[in-house]
Amino acid sequence: MVFDCLRWIDEELPALEAKGRRRKLLSRSNAQAAVIALDGREYVNFGTNDYLGLAADPRLAEAVASALDQYGWGSGASPLILGHAELHRRLEEQIAEFEGVEAALLFTSGFAANSGTIAALVGPGDAVFSDRKNHASLFDGCRLSRADIRVYPHADPQALDDLLEKTTAYRRRLIVTDSLFSMDGDFAPLKEIAEIAEKRRAMLLVDEAHATGVFGDRGRGACEMLGVEDRVPVRIGTLSKALGGIGGFVAGSRTLVDWLVNRARPYVFSTALPAAVSAAGLAALEIVKNEPFRRGELLVKAADLRRELSAQGWRLGNSASQILPVIVGESERAVALSQKLRARGLFVPAIRPPTVPEGEACLRISLSYAHSPAMIGKLLESLYDARSLA
């Protein structure tokens, strides 16, 4: 008999199922938009990070199609070999201009940008300080760096300061935090964190993935909104959420970018993004610059929805953004509530541990500029009718 070395999985999967934590893939058969087709049925889509409604914008598709004529599709090599195209360079220059910094560097994803940048900045003999609710990519970057990891309570600058005060023997120290937390929809206290970083002589890295394009007068993110851009030397963003595309970036000084080109392993050892992807990024940046009404209208919708959901009695935590977690506690309840909404034509994903802590399973509502008042009204009506499941 042949030994089945993976037989243990057959025992573990039912355990996940019993806890309401087994995930299954769905197949979408149309564009990522406010209405999506999943497994043959249409749903109003409240599960997307396409905050400005750009993922299906024809201007992005047209830019990609045009770029394909010149650049083809595959990049064929890592950026340091032959993969870095002129179109990549142009997008990096435009990101730097948009962010108001000297330089920017493209990565294949925001995950790669986070994990690669952290591991390039700190290593053995250093320490990295991470908010407890940071994205998995930040935590993975901390682990990959092999620096000592110190986790501080969520959005607690005093606890962070206390940790830094007690850990002065390290060669280098790095603070990492999301600006807008992807599951809770709340903001890091960036002013206080920036002050602590300066006082304790620590580096500061802020991931703006869910804030880029949505917050700030020019759409740069929470650092702009809170007035700390010049105090955050390492800013990370993504093209895959509000900008409707794919890829991540780091924005900062020319020295920082030069260092990452040489030391960020996900950059050095990954095939470059297709050049045509950069055409979509360039088109999206122009839309963010020229159509600020998109983020303005989105944030008004979010404020109105928060007010209505709170009036219905739902727990929303400290959400202050387009991300609204409807917190129900147990995984089974979140799954049941999500399924009830799907039966009414609404896709609102259930978020369960380990994505969120134990006891904080929720429905994660992601609002988009593309959501109509009728769509939001249907969501409110359906959640009102489903209160018995909370």
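Evaluated against (1) basic (Lys, Arg); (2) in the same structural domain as Asp184 (by TED's automatic domain parsing); (3) touching a residue at least 12 places away in the same chain (Cβ under 8 Å), Arg21 falls short on exactly one condition, (2). When residues in the stretch 238-255 are screened for being within 22 Å of Glu297 (Cα to Cα) and of a type in the set (Gly, Ala, Ser), 4 of them pass.
Any residue at all in the stretch 166-177 that is over 24 Å from Phe111 (Cβ atoms) and not in a loop (DSSP other than H, G, I, E, B)?
yes
Check Val64, Val44 and return the single one that is assigned by TED's automatic domain parsing to the domain that holds Pro373 and in contact with a helix residue (DSSP H, G or I) (Cβ under 6 Å, 6 or more places away or on another chain). Just one listed residue meets the conditions, Val44.
Remark: Gly329 matches the filter, which requires a residue to be modelled with pLDDT under 95, outside the structural domain of Ala242 (by TED's automatic domain parsing) and under 24 Å from the mean Cα position of the chain (by Cα).
Within the stretch 37-59, if we keep just the residues that are part of a strand (DSSP E or B) and in contact with a Lys or Arg (Cβ under 7 Å, 6 or more places away or on another chain), the residue that is modelled with the lowest pLDDT turns out to be Leu38. In the stretch 332-387, the qualifying residues are those that are outside any helix (DSSP H, G or I) and acidic (Asp, Glu), and the one that is nearest to Lys301 (Cα to Cα) is Glu360.
Scanning the stretch 334-354 for residues that are surrounded by 18 or more Cβ atoms within 10 Å (Cβ to Cβ) and of a type outside the set (A, V, I, L, M) yields a total of 4. Looking across Leu60, Leu54, Leu91, Leu6, one residue alone is under 19 Å from the mean Cα position of the chain (by Cα) and of a type in the set (A, V, I, L, M, F, W, C). It is Leu54. Of the residues that make up the stretch 77-98, is at least one at pLDDT 95 or above, in a loop (DSSP other than H, G, I, E, B) and at positive phi? Checked the stretch 77-98: no residue is at pLDDT 95 or above, in a loop (DSSP other than H, G, I, E, B) and at positive phi.
Would you be able to say whether some residue in the stretch 236-243 is among the hydroxyl-bearing types (Ser, Thr, Tyr), free of Cβ contacts under 8 Å to residues at least 40 places away in the same chain, under 29 Å from Ala127 (Cα atoms) and touching a strand residue (DSSP E or B) at 6+ places or on another chain (Cβ under 8 Å)? Among the residues of the stretch 236-243, not one is among the hydroxyl-bearing types (Ser, Thr, Tyr), free of Cβ contacts under 8 Å to residues at least 40 places away in the same chain, under 29 Å from Ala127 (Cα atoms) and touching a strand residue (DSSP E or B) at 6+ places or on another chain (Cβ under 8 Å), which makes the answer no.
Taken together, the residues in the stretch 198-222 that are surrounded by fewer than 24 Cβ atoms within 10 Å (Cβ to Cβ) and either in a helix (DSSP H, G or I) or under 12 Å from the mean Cα position of the chain (by Cα) (or both) amount to 2.
The values are calculated or read from the model by the stated rules, or taken from the named source; none is laboratory data. Just so it is clear, the structure is predicted and the values come from calculations on it, not from any experiment. Reconstructed Cβ throughout: ideal geometry from the backbone, glycine too, with neighbour counts over all protein chains shown.
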